[in-house]
Amino acid sequence: AITGTLELLVILYWWWWVFAQARAEGFGRIDVPKLSLVLGLTILTIGAIIGVTIQVFLALGITLPTAPDLIGTHASAQIGGYLVLVSAGIAEWRLAGGGSRSRAGLAQAYVLFLGGLFLAIGVGMNIAPLQGIATLFQVIGIVIIAVRFGGRALRAPWGEASGTRHVAIAVPFLVLGLILEI
């Protein structure tokens, strides 16, 4: 609980710094990778607050409630929301060069954000239809990723000793993660 609280403070500061940078640049002007990071870190912050709440409850001997499912909410926010959005943002930045603000890219970022948020709420509150909508949003977002820069990932210099191959592997793993979620 103590180290989790300290990490939460770091996450809150990190989120605030990224949010302030995006606000200064203008939310209507930031590119898709930056937007993906802002939205991904927002879900990270939500999931981290829930995770630290769980740790504090356990440290104080407070029994976790059965509803909402706090552990499921925490895990799904971190994986289905934060990791997917940030992976997509970093992959796009490194593979496509960033700077792009297309309608497809904006749809990708917002659909993945809503998918992660709906997944966390759906799991936490045990609302199966919301989990289904979250999965649909995740499918739409991952398909947009595959269409927008999947080809660049496939053409990455896999034999070179560069970081590009490490970034490029994120695209097929986003697809694999989606398959496992479904």
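Normalised per residue, the accessible area of the range 93-182 is 55 Å², obtained with a 1.4 Å probe and no contribution from ligands, DNA or RNA. Along the chain, counting only chymotrypsin sites (Phe, Trp or Tyr not before Pro) with a DSSP assignment other than H, G, I, E or B and at most 14 other Cβ atoms inside a 10 Å radius, the longest segment between sites is 28-157.
How much area per residue is accessible in the range 6-86 when the probe is 1.4 Å and only protein heavy atoms are counted (Å²)? Write out the running numbers ahead of the final one.
On the way: 4190 Å² over 81 residues.
Each residue of the range 6-86 exposes 52 Å² on average to a 1.4 Å probe.
Between amide H atoms placed 1.01 Å from N, distances below 5 Å from Asp69 occur with Met125, Asn126, all of them 5 or more places distant or on a separate chain.
Based on DSSP H segments of at least four residues, each scored -39500 (n - 2.57), the chain has a per-residue ellipticity at 222 nm of -25500 deg cm²/dmol. For the range 109-145 and the range 47-75, what is the separation of their C-alpha centers, rounded to whole Å? First find each Cα centre; the distance between them is then 21 Å.
Each residue of the range 24-39 is assigned a 3J(HN,Hα), and the resulting list reads 5, 6, x, 4, x, 10, 5, 6, 5, x, 5, 4, 4, 5, 4, 5 Hz, derived from the Karplus form 6.51 cos²θ - 1.76 cosθ + 1.60 (θ = phi - 60°), x at Gly and Pro. Our summary gives the range 51-149 a relative contact order of 32 percent, counting only alpha carbon pairs under 8 angstrom and 6 or more residues apart. How are the C-alpha pair distances of the chain spread across 5 Å bins, as whole percents from the shortest bin up? Taking all Cα pairs of the chain, the binned fractions are 1, 9, 16, 18, 18, 16, 12, 6, 3, 1, 0 percent. Rounded to the nearest whole Hz, the Karplus-based 3J(HN,Hα) values (6.51 cos²θ - 1.76 cosθ + 1.60, θ = phi - 60°) of the range 157-162 follow the sequence x, 5, x, 7, 8, 9, with x at glycine and proline. For the range 172-182, the Karplus equation 6.51 cos²θ - 1.76 cosθ + 1.60, evaluated at θ = phi - 60°, returns couplings of x, 6, 5, 5, 4, x, 5, 4, 5, 5, 5 Hz by residue, with Gly and Pro reported as x.
If you take the square roots of the eigenvalues of the alpha-carbon gyration tensor of the range 1-73 and sort them as a ≥ b ≥ c, do you get rounded (a/c under 1.5), prolate (a/b over b/c) or oblate?
Judged from the Cα gyration tensor, the range 1-73 comes out prolate (a/c at least 1.5, a/b above b/c).
With contacts taken as Cα pairs under 8 Å and at least 6 residues apart, the chain reaches a relative contact order of 22 percent. Would you kindly calculate the translational diffusion coefficient of the range 105-149, applying Stokes-Einstein with the Kirkwood radius from alpha carbon pairs, for 37 °C and a viscosity of 0.692 mPa s, and quote it in µm² s⁻¹ without decimals? Roughly 319 µm²/s, to the nearest whole number.
The values are calculated or read from the model by the stated rules, or taken from the named source; none is laboratory data. Note that the structure is predicted; figures quoted are calculated from it, not measured. Glycine also receives a Cβ, built like all others from the backbone with ideal geometry; neighbour counts cover every protein chain displayed. Ligands, DNA and RNA are stripped out before the accessible areas are found, and what is left, the full protein with its side chains, is counted by its heavy atoms. Shrake-Rupley method; radii C 1.70, N 1.55, O 1.52, S 1.80 Å.
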